[in-house]
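> Pasting in a structure now, in structure tokens, and then I'll have a few things to ask.
The values are calculated or read from the model by the stated rules, or taken from the named source; none is laboratory data. Just so we're clear, the structure is a prediction, and the values are computed from it rather than from any experiment. Heads up, the Cβs are rebuilt from the backbone with ideal geometry, glycines too, and the neighbour counts pull from every protein chain shown. Note: accessible area is taken over every heavy atom of the protein model, side chains too, but ligands, DNA and RNA are not part of it. Shrake-Rupley method; radii C 1.70, N 1.55, O 1.52, S 1.80 Å.
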Amino acid sequence: MKQLGKGNHNSLYWKCQLIGWSIASLYWLLSGVTFPGFSWSFAILQFITDVVIYILLTDLYRRLAIKCNLISLSPSGLLKWVIPAMFILALLYTGVTTLKLYLFKSWFDPQFTQTYTGYFRQNAELIFVGGARLMSIWLLAYHLYHYAQREIIVSRENAKLELISRETQLNNLSNQLNPHFLFNSLNSIKALIDESPVSARRAVDLLSDVLRAGLYNGSAHLIPIEEELDIVRDYLELEKMRFEERLCYKIESSGDLLNVSVPRLCIQTLTENAVKHGIAKRKGGGAISVCVKSKAGNLEIAVQNSGVLDEQLQNIGLGLKNLRERLFLKYQGRASFSIVQETPGDVLTVINIPIT
């Protein structure tokens, strides 16, 4: 998942810390104005030390939360950590506050002779209650902020994924509706009408299915591999009618993987690239192999085709660029994509995604 800019996040955190504890310390300062013997110099010292000490105390928790990755927990998972943390922070608050107040009274009030133990017993309960309230508010604000930021980031990435998915659907539809594709498909159908009416009818059905897949089936981000491979089969069978002996293909998939979900049109995108930039550019045509299998706990989708890798296509090709982005957003960096010149005459494209 993408993170907020570290510099911006830290800047906002320290501003909130400074403002929040300054307001609390100012409230305590103003509350003591009416007390007998009030001293502005003493009050300002109290104000400064309160702000510094409580910022350091709460920042200690922040560092621990980051180290233990608490900010990424769900609200239910976070609850078992926050309640003990509030209690511990309240205890630390009580210890630090009573010690600070005792030292200040000892230094600035010559008539103060009470021992620290006696002073602690006299004031600890009230200070603990106040500390528990303050630390609860701080913890709630801190984790609500991070929860809200996570939700915002997830919403942005889901919106971006939706946009890319729609763009992929439109690109796929554009490829299917481009004049060359339609002309070639219709020309193949026309030639088959006299030679083989059955094949002609089959070609019409295939063209209809391919167009329908682009037009009407784009609402789901993930679909079962079985459905994705059906789209690929229809597309390759239709292209086989056009290229005839110049194209041969095979599709292999383990039966236990057919219900595993994959990003819609991910294999279709790779297959179209294989036909357009591989087979179509070779005078003698070539072969396409689609293989789906389980490997090291991941789903491996491999598309191999005859041809020479176009480095420019790899770097700026819109279809591959969109596919990479969709994989990153959907699987939070846990999916991988590669395209290599495996042999002088074969290009291999591989997608690895977690099996969910």
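> Report whether or not residue 106 is surrounded by 12 or more Cβ atoms within 10 Å (Cβ to Cβ) and not charged (D, E, K, R).
Details: surrounded by 12 or more Cβ atoms within 10 Å (Cβ to Cβ): yes; not charged (D, E, K, R): yes.
It is true that residue 106 is surrounded by 12 or more Cβ atoms within 10 Å (Cβ to Cβ) and not charged (D, E, K, R).
> Same structure again: What are the residues in the stretch 222-264 that are among the polar types (S, T, N, Q), more than 27 Å from residue 286 (Cα to Cα) and surrounded by 15 or more Cβ atoms within 10 Å (Cβ to Cβ), if any?
Of the residues in the stretch 222-264, the ones among the polar types (S, T, N, Q) are 253-254, 259, 261.
Keeping just the survivors that are more than 27 Å from residue 286 (Cα to Cα) gives 259, 261.
Answer for the stretch 222-264, where residues must be among the polar types (S, T, N, Q), more than 27 Å from residue 286 (Cα to Cα) and surrounded by 15 or more Cβ atoms within 10 Å (Cβ to Cβ): just 261.
> So is residue 51 modelled with pLDDT of 90 or more and assigned to a helix (DSSP H, G or I) or not?
Details: modelled with pLDDT of 90 or more: yes; assigned to a helix (DSSP H, G or I): yes.
Yes; evaluated as a whole, the condition is true for this residue.
> Let me ask something else. Farther than 30 Å from residue 157 by Cβ, open to solvent by 40 Å² or more (accessible area, probe 1.4 Å) and modelled with pLDDT of 85 or more, is that true of residue 64? First the steps, then the outcome.
On the way: farther than 30 Å from residue 157 by Cβ: no; open to solvent by 40 Å² or more (accessible area, probe 1.4 Å): yes; modelled with pLDDT of 85 or more: yes.
No, not satisfied.
To keep it simple, each residue is scored yes or no on (1) in a helix (DSSP H, G or I); (2) within 23 Å of the chain's Cα centre (by Cα).
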| residue | (1), (2) |
| --- | --- |
| 251 | no, no |
| 267 | yes, yes |
| 292 | no, no |
| 299 | no, yes |
| 302 | no, no |
| 319 | yes, yes |
| 325 | yes, yes |
| 353 | no, yes |
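> How many residues, within the stretch 327-351, are of a type in the set (A, V, I, L, M) and either touching a Gly at 6+ places or on another chain (Cβ under 7 Å) or assigned to a helix (DSSP H, G or I) (or both)?
Of the residues in that region, 3 qualify.
> Suppose we filter the stretch 53-110 for residues that are within 36 Å of the chain's Cα centre (by Cα) and on the phi < 0 side of the Ramachandran plot; how many remain? Walk me through it before giving the result.
In the first step, residues of the stretch 53-110 are kept if they are within 36 Å of the chain's Cα centre (by Cα); the result is 54-90.
With the extra rule that they be on the phi < 0 side of the Ramachandran plot, the set shrinks to 54-68, 70-90.
The qualifying residues number 36.
> For the stretch 21-48, give me each residue that is assigned to a helix (DSSP H, G or I), farther than 18 Å from residue 137 by Cα and modelled with pLDDT under 90. Outline the logic, then answer.
At the first step, the residues of the stretch 21-48 found to be assigned to a helix (DSSP H, G or I) are 21-31, 40-48.
Pick out the ones that are also farther than 18 Å from residue 137 by Cα and you get 29-31, 40-48.
The answer is 29, 30, 31, 40, 41, 42, 43, 44, 45, 46, 47.
> Residues to consider are 82, 129, 96; find the one that is free of Cβ contacts under 8 Å to residues at least 40 places away in the same chain and either among the hydrophobic types (A, V, I, L, M, F, W, C) or open to solvent by less than 60 Å² (accessible area, probe 1.4 Å) (or both). Full working, then the answer.
Working: 82 fails: free of Cβ contacts under 8 Å to residues at least 40 places away in the same chain; 96 fails: free of Cβ contacts under 8 Å to residues at least 40 places away in the same chain.
Selected residue: 129, the only one of 82, 129, 96 that is free of Cβ contacts under 8 Å to residues at least 40 places away in the same chain and either among the hydrophobic types (A, V, I, L, M, F, W, C) or open to solvent by less than 60 Å² (accessible area, probe 1.4 Å) (or both).
> From the set of residues in the stretch 291-329 that are touching a strand residue (DSSP E or B) at 6+ places or on another chain (Cβ under 6 Å) and basic (Lys, Arg), which is modelled with the lowest pLDDT?
If we take residues in the stretch 291-329 being touching a strand residue (DSSP E or B) at 6+ places or on another chain (Cβ under 6 Å) and basic (Lys, Arg), then 326 is modelled with the lowest pLDDT.
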